[in-house]
Amino acid sequence: MIKLKIHPGCTPKYMSKLSSACDVVSRVDMDIEAGSVGKVPTGVWIEDLTQDGKLFEIQIRARSGLSLKKISLANGVGTIDADFKDEICVLLKNDSDCTFHIKAQDRIAQMVLSEVIRFDFLPVGEQRSGGFGSTGISNK
């Protein structure tokens, strides 16, 4: 059953009846200096992303209002796999000329739940052994 663990005050929210993505917020106050990237915690963890034998992923997408301020996702679109158990964080890149101030509960990105259909003929690696960025390590 699809289930998230959510820190108090950090509940993602659909901003309208027809929104396809919900907004996620920062769990903390923090600053991202001009020209740098910040790892912003959202207060959201995955407990289960399977349902009726189907596999799902979470996609993290930029908010257009922040993009106008030259604040974007450092990795374009973030993919959160079903077996990722750490807190979901958003990598925000500050391409402006000044420090970007974030307050707890500021909306920082959008989150979409998507069903995944995998290529059944491709090999599958081992069980996840780490958190943020851990599958980016070379297989040698």
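Throughout, read-outs are computed from the coordinates displayed, never taken from laboratory work. The model shown is predicted, which means the values in this text are computed figures rather than measured ones. Glycine also receives a Cβ, built like all others from the backbone with ideal geometry; neighbour counts cover every protein chain displayed.
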(message) Using a 10 angstrom Cβ neighbour count of at most 15 plus a DSSP loop assignment to flag exposed chymotrypsin sites (Phe, Trp or Tyr not before Pro), which longest range of the chain is free of such sites?
(response) 15-118
(message) Which three numbers, in whole Å and largest first, are the semi-axes of the equivalent ellipsoid of the chain derived from its Cα gyration tensor as √(5λ)?
(response) 27, 19, 14
(message) If neighbour count is taken as other Cβ atoms inside 10 Å, put I60, I2 in order from fewest to most.
(response) I2, I60
(message) Please give the charge dipole size of the chain, origin at the Cα centre, charges +1 on K and R Cβ atoms and -1 on D and E Cβ atoms. Round to the nearest 20 debye.
(response) 300
(request) Among the trypsin sites (Lys or Arg not before Pro) in the stretch 15-120, which ones are in a DSSP loop with at most 13 other Cβ atoms within 10 Å of the Cβ? Mind listing them? (result) K17, K69, K85, K103, R118
(request) Measure off 7 Å from each Cα along the Cα-to-Cβ vector at S114 and K85, then give the distance between these two points in nanometres to one decimal. (result) 2.6
